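I have placed the structure first, in the form of structure tokens, so that the comments after it can refer back to it.
The values are calculated or read from the model by the stated rules, or taken from the named source; none is laboratory data. Predicted model only: the values in this text are computed from it and were never measured. Note that we place each Cβ from the backbone using ideal geometry, even for glycine, and neighbour counts take in every protein chain shown. Quick note on the areas: whole protein, heavy atoms, side chains included, nothing else; ligands and nucleic acids left out. Shrake-Rupley method; radii C 1.70, N 1.55, O 1.52, S 1.80 Å.
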Amino acid sequence: KVMAQTGAVLKSTGGAAKVTATQITDLSSSIMRMTGIDDEAIQAGQNLLLTFTKIRNETGKGNDIFDQATLVMTDLSVAMGKDLNSSAILVGKALNDPVKGVGALSKAGVQFTADQKEMIEGMVDSGNVMGAQKMILKELETQFGGSAEAAGKTLSGQLNILKQTFSNLAGELVAKFMPSVARATQKLLDFVMEFAARPT
């Protein structure tokens, strides 16, 4: 279901984020292995980030804004005790419209100085939206960076990593054998229908 939504959002936004479904899945899996957070929940958050079409990965060092936003989303979620979807929307709004987004973040408890707000507004006015996004991401990283990874190093976090890893392996095995199971089920169904149709 999550993968289907990823495909749908990528299609509806015309691939604005400049990421593929495989890249999204790989990123959510790597964060899961580091934090113990359900990778499907992370990907659901990424699906929301995708709807903010100004958040995208560009070529060049430090220009992978979508990837950075995904990690910041998980850190903010852990640090502030928010669910991933609401964290994704908060980060998404901030990066999609940096001037208004800083105000929304401030109301949520993320502090920016007057100088930072002025610099962000100046960057947006001059057309340097990515520069403003980087400043917001840097401040979020300063305040919340490493929160999700730290949670993953606790006993409960390590147990969650193990649990999610086994869950994913089980899912992969089920997916691998699904075609065979489907064929066997269809044969059984055909047999039952044929048997039921025989005259008594």
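Out of everything in the range 50-81 that is part of a loop (DSSP other than H, G, I, E, B) and free of Cβ contacts under 8 Å to residues at least 40 places away in the same chain, what residue ends up being farthest from ASN96 (Cα to Cα)? Outline the logic, then answer.
Taking the range 50-81 as the starting set, the residues that turn out to be part of a loop (DSSP other than H, G, I, E, B) are 51-56, 58-63, 81.
If we keep only those that are free of Cβ contacts under 8 Å to residues at least 40 places away in the same chain as well, we get 59-61, 81.
Working: THR59: 18, GLY60: 20, LYS61: 20, GLY81: 23 Å.
That would be GLY81.
Out of curiosity, is THR51 over 30 Å from LEU159 (Cβ atoms), within 12 Å of the chain's Cα centre (by Cα) and either open to solvent by 50 Å² or more (accessible area, probe 1.4 Å) or among the aromatic types (Phe, Trp, Tyr) (or both)? Write out each step before concluding.
Details: over 30 Å from LEU159 (Cβ atoms): yes; within 12 Å of the chain's Cα centre (by Cα): yes; either open to solvent by 50 Å² or more (accessible area, probe 1.4 Å) or among the aromatic types (Phe, Trp, Tyr) (or both): yes.
So THR51 passes the test.
Just checking, how many residues over the range 94-109 are surrounded by fewer than 20 Cβ atoms within 10 Å (Cβ to Cβ) and either of a type outside the set (D, E, K, R) or assigned to a helix (DSSP H, G or I) (or both)? Break it down into steps so the answer makes sense when it comes.
Residues of the range 94-109 that are surrounded by fewer than 20 Cβ atoms within 10 Å (Cβ to Cβ), as a first pass: 96-97, 99-100, 103-104, 106-109.
Keeping just the survivors that are either of a type outside the set (D, E, K, R) or assigned to a helix (DSSP H, G or I) (or both) gives 96, 99-100, 103-104, 106-109.
Adding up the residues that qualify gives 9.
List pairs: first in the range 97-123 and farther than 13 Å from GLN133 by Cα, second open to solvent by 90 Å² or more (accessible area, probe 1.4 Å) and in a helix (DSSP H, G or I), Cβ under 8 Å, 6+ apart or cross-chain?
Between residues of the range 97-123 that are farther than 13 Å from GLN133 by Cα and residues that are open to solvent by 90 Å² or more (accessible area, probe 1.4 Å) and in a helix (DSSP H, G or I), the close pairs are ALA104/LYS93.
Could you run through the range 103-121 and say how many residues are touching an Asp or Glu at 6+ places or on another chain (Cβ under 8 Å) and of a type in the set (A, V, I, L, M)?
Matching residues across the range 103-121 total 1.
Can you name every residue in the range 118-133 that is of a type outside the set (Asp, Glu), open to solvent by 70 Å² or more (accessible area, probe 1.4 Å) and under 16 Å from GLY103 (Cα atoms)?
MET119
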